């Protein structure tokens, strides 16, 4: 019976309460740390994804704008009959064009994975190489404008009705390209902002 008295004593109850409090406290602390760790892990993953999305968008748009501006410079020199410096601008444009053609597939893959699959095909459709006249993507519109500009370049220094016709077509192609590049840029950053808002929600 002494054992029963020990179990029922205030000291025993105090010790038991202390042990249980310690166990429960340790369990709750572990659970809290586990939840915090998972939340931090989700945040780090989302943060890396949002950084990759921003980087992919910036790289793509930077080279697209460089190519578009290089095309504009070629057009302006030909429009003003400065055929003596058109060769220089054309050669510079061609370097950027080649870089774009090398990288656009890589950009599509990055945008597809880190930004949005549909947006990736607004950049480069699988059939662009064969069906560029359909102009189903930004790259296809680049191709159309390139060929119109190339035709105009071949007429450099000439003053014929055909040359003025081609100049108008090249101008229209570049205007369409500029509009589509602007629309594509807007779409990129709208989707990026949505991803950024999701990241903020994870933090809250």
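No value in this document is a laboratory result; all are computed from the given coordinates. Quick caveat, the model's predicted, so the values are computed rather than measured. Methodologically, a virtual Cβ is constructed for each residue, glycine included, from the backbone with ideal geometry; neighbour enumeration extends over all protein chains shown.
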ask   = For the pair residue 171 and residue 91, what calculated FRET efficiency results from E = 1/(1 + (r/R0)^6), where r is the Cβ-Cβ distance and R0 = 30 Å, to the nearest 0.05?
value = 0.90
query = Using 7 Å Cα-to-Cβ label points, what is the residue 79/residue 47 separation (nm, one decimal)?
reply = 4.7
ask   = By how many nm would the segment from residue 193 to residue 69 lengthen if fully extended, with 0.36 nm per residue of separation less the alpha-carbon distance?
value = 42.0 nm
